[in-house]
Amino acid sequence: SLFMSADGTFKAEQKISKAEGGFGPSLTFQCGFGQSVVGIGDLDGDDVPDMVVGAPGFDDGGADRGAIFVILLNTDGTVKLAQKISPTAGNLGGTALKDGDMFGTSVGLIGDLDDDQIPDIVVGSPFDDDGLGPNDQDFGAVWVINLDVEGKVKTKRKLSNKSGQFGSGGFFDNPIAQYSAFGSSVSGIGDFNGDG
């Protein structure tokens, strides 16, 4: 965390890592913690902004399945609470990801989709293999995740070739192509169609 003065100059910093900043869960070698970061506003109502941090190389449940951390911050930028979301934590589900999916490569804030006053997020998993055949690879996927107040998964939806959104009968005419790495980057764009 970087703290800035009112005039835009640098004031102070607080590093969050395995050894600093009060980060509780153990980080593993090459887990990629910090590859993606997004501010999510004040999730826990303490007037301090919170964030989501991706760790796409995390090995929970299998090699490089990936994880994200919903991190609630203290006023000094240290970690108040870190909730991991992965195949083994945070209500994502043990079969949600496969080896090499790299969930958490990108994270983005999309507002409050379910109108529960809690911010919701999108998470990229660009090496997901949800293709149209049994040996297809790296089509990619994007997860839309509604968070609960503890930073766990309340509900989730996966957008991929197998989700029914792409190709024949879907909202998008063409399926995602193999090796597209769909989800390499994600971002919220606000209310594009004005439906609230």
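Using a 1.4 angstrom probe with every protein chain in place, what is the largest-first accessible-area order of D114, D76? Let's see the in-between values first.
Details: D114 55, D76 85 Å².
Solvent-accessible surface, decreasing: D76, D114.
What does the convex hull of the Cα atoms come to per residue for the stretch 27-96, in Å³? The partial results should precede the final answer.
Values: hull volume 5.8 nm³, N = 70.
For the stretch 27-96, the hull spanned by Cα atoms encloses 82 Å³ per residue.
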* Structure fact -> Rounded to the nearest 10 Å², the 1.4 Å probe accessible area of S26 is 80 Å²
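Carbon and sulfur together cover what percent of the accessible area of the stretch 16-146 at a 1.4 Å probe radius?
Its accessible area is 51 percent carbon and sulfur atoms.
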* Tell me, what is the FRET efficiency for K156 and Q117 to the nearest 0.05, using R0 = 22 angstrom and their Cβ-Cβ distance as r? -> 0.70
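So between F192 and F29, what do we pick up on full extension, going 0.36 nm a residue minus the alpha carbon distance? Before the final figure, lay out each step's value.
Numbers: separation 163, 0.36 × 163 = 58.68 nm, distance 3.99 nm.
Using 0.36 nm per residue and subtracting the Cα-Cα distance, I get 54.7 nm.
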* Using Cα pairs closer than 8 Å and at least 6 residues apart in sequence, work out the relative contact order for the chain, in percent. => 15 percent
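If you place +1 on the Cβ of every Lys and Arg, -1 on the Cβ of every Asp and Glu, and leave all else neutral, what size is the dipole of the chain about its Cα centre, to the nearest 20 Debye? Don't jump to the answer; show the numbers that get you there.
On the way: 13 positive and 29 negative charges, 105 e Å.
Computed charge dipole of the chain: roughly 500 debye.
Full-extension gain between D148 and D47, please, as 0.36 nm times their residue separation minus the C-alpha to C-alpha distance.
Details: separation 101, 0.36 × 101 = 36.36 nm, distance 1.74 nm.
Separation in residues times 0.36 nm, less the Cα-Cα distance, equals 34.6 nm.
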* **Non-local Lys pairs in the chain, i.e. 8 or more apart or on different chains, that have alpha carbons under 19 Å apart** => 13
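Roughly how many Å² is the accessible area per residue of the chain, as a whole number, for a 1.4 Å probe?
Details: 10070 Å² over 196 residues.
Value for the chain: 51 Å² per residue.
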* To do: Multiply the residue separation of E20 and Q178 by 0.36 nm, subtract the distance between their alpha-carbon atoms, and state the gained length in nm to one decimal.
  => 52.9 nm
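The values are calculated or read from the model by the stated rules, or taken from the named source; none is laboratory data. Because the structure is predicted, anything quoted here is derived from the model rather than measured. Positions of Cβ are generated from backbone atoms using ideal geometry, with glycine treated the same way; all protein chains shown enter the neighbour counts. Ligands, DNA and RNA are excluded from the accessible area calculation, which covers all protein heavy atoms including side chains. Shrake-Rupley method; radii C 1.70, N 1.55, O 1.52, S 1.80 Å.
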